[in-house]
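Written below as structure tokens is the structure these notes are about.
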Amino acid sequence: MLHHDGQQEAIKTVQFSVGNGRFYGGGMTIEKDAAPDDGRLDAYSLEVRHWWQILALFPSLRRGTHGRWGSVRTLSGTEFSLHTRRPHDINADGEIIGRTPAHYRLIDGAITVLAPHND
């Protein structure tokens, strides 16, 4: 079950990805226009019927055009919750950090970044 923007939707997905930027996993794209400072989390859900359909999606996942596919649900918001019938591993940057249910929330101003001024 996916909860977002005050809505609840039953989904059947093989992968649910959430990010606060454009890329993850060595060049895969969450959303082609995402930025860490845009005030939103972006997500997609791969709702394919057969695992091999992901092979056809792969080039679109790299380019960030996967939202054009009917089997890919794209979302944008500040909070997502994902509940599964059975617990599934949660992978964050190549590490297993827990199991579902998962709750993702954007916390505005949670960190301060110091960087040189660009002229």
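The values are calculated or read from the model by the stated rules, or taken from the named source; none is laboratory data. This structure is a prediction, so every number in the text was calculated from the model and none was measured. With ideal geometry, Cβ positions are generated from the backbone for all residues, glycine too; neighbour counts draw on all protein chains shown. Please note that ligands, DNA and RNA were not included when accessible areas were found on the heavy atoms of the full protein model with its side chains. Shrake-Rupley method; radii C 1.70, N 1.55, O 1.52, S 1.80 Å.
Tell me, which residue of the range 86-97 that is in contact with a Lys or Arg (Cβ under 8 Å, 6 or more places away or on another chain) and in a strand (DSSP E or B) is surrounded by the fewest Cβ atoms within 10 Å (Cβ to Cβ)? Reasoning before the result, please.
Taking the range 86-97 as the starting set, the residues that turn out to be in contact with a Lys or Arg (Cβ under 8 Å, 6 or more places away or on another chain) are 87-90.
Right, trim to in a strand (DSSP E or B) and you get 89-90.
On the way: 89: 9, 90: 17.
Filtering first and then ranking leaves 89.
Only strands (runs of 3 or more DSSP E) whose full extent lies in the range 1-85 are considered here, and none of them has at least 2 residues that are in contact with a Cys (Cβ under 9 Å, 6 or more places away or on another chain), of a type in the set (A, V, I, L, M, F, W, C) and surrounded by fewer than 17 Cβ atoms within 10 Å (Cβ to Cβ).
So, residue 46, is that one of a type in the set (A, V, I, L, M, F, W, C) and either touching a Leu at 6+ places or on another chain (Cβ under 7 Å) or in contact (Cβ under 8 Å) with a residue 12 or more places away in the chain (or both) or not?
Values: of a type in the set (A, V, I, L, M, F, W, C): yes; either touching a Leu at 6+ places or on another chain (Cβ under 7 Å) or in contact (Cβ under 8 Å) with a residue 12 or more places away in the chain (or both): yes.
Spelling it out, residue 46 is indeed of a type in the set (A, V, I, L, M, F, W, C) and either touching a Leu at 6+ places or on another chain (Cβ under 7 Å) or in contact (Cβ under 8 Å) with a residue 12 or more places away in the chain (or both).
Counting only residues that are within 17 Å of the chain's Cα centre (by Cα) and either open to solvent by less than 80 Å² (accessible area, probe 1.4 Å) or basic (Lys, Arg) (or both), the range 98-119 holds 7 of them.
Within the range 54-77, restricting attention to residues that are touching a Phe, Trp or Tyr at 6+ places or on another chain (Cβ under 9 Å) and free of Cβ contacts under 8 Å to residues at least 40 places away in the same chain, the residue that is farthest from residue 102 (Cα to Cα) is 56.
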